[in-house]
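Presented below is the structure to which this report refers.
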Amino acid sequence: MSLLTFRNVKIIGTGMYVPEKILTNQELETELGESIDDFVSNNIGIKTRRIAKEEETTASMSIEAAKMAS
């Protein structure tokens, strides 16, 4: 298939989905039993992360993002 076949393709919408649960560095420190917040925040820039529910999959989150795009 030639690249010219896709010449008239347009992006007509975008969407996103993130899991509801937020895990902070402080909460992770409690779980790990060691200090990580200063290093992770200052050197990597991560302050929080999103945690998917057990029933959430890549596919189910993609579907939710697609709904937001329409």
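Here, each number is a calculation from the coordinates, and none is a lab measurement. Bear in mind the structure is a predicted one, so any value in this text is a computation, not a measurement. When we count neighbours, we look across all protein chains shown, and the Cβ atoms used for this are built from the backbone with ideal geometry, even at glycine.
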Looking only at the range 8-24, and only at residues there that are assigned to a loop (DSSP other than H, G, I, E, B) and charged (D, E, K, R), the one that is farthest from residue 37 (Cα to Cα): 10
Test: residue in the range 22-29 that is of a type outside the set (S, T, N, Q) and under 14 Å from the mean Cα position of the chain (by Cα): yes
Selection status of residue 28, touching a strand residue (DSSP E or B) at 6+ places or on another chain (Cβ under 9 Å), part of a helix (DSSP H, G or I) and surrounded by 12 or more Cβ atoms within 10 Å (Cβ to Cβ): yes
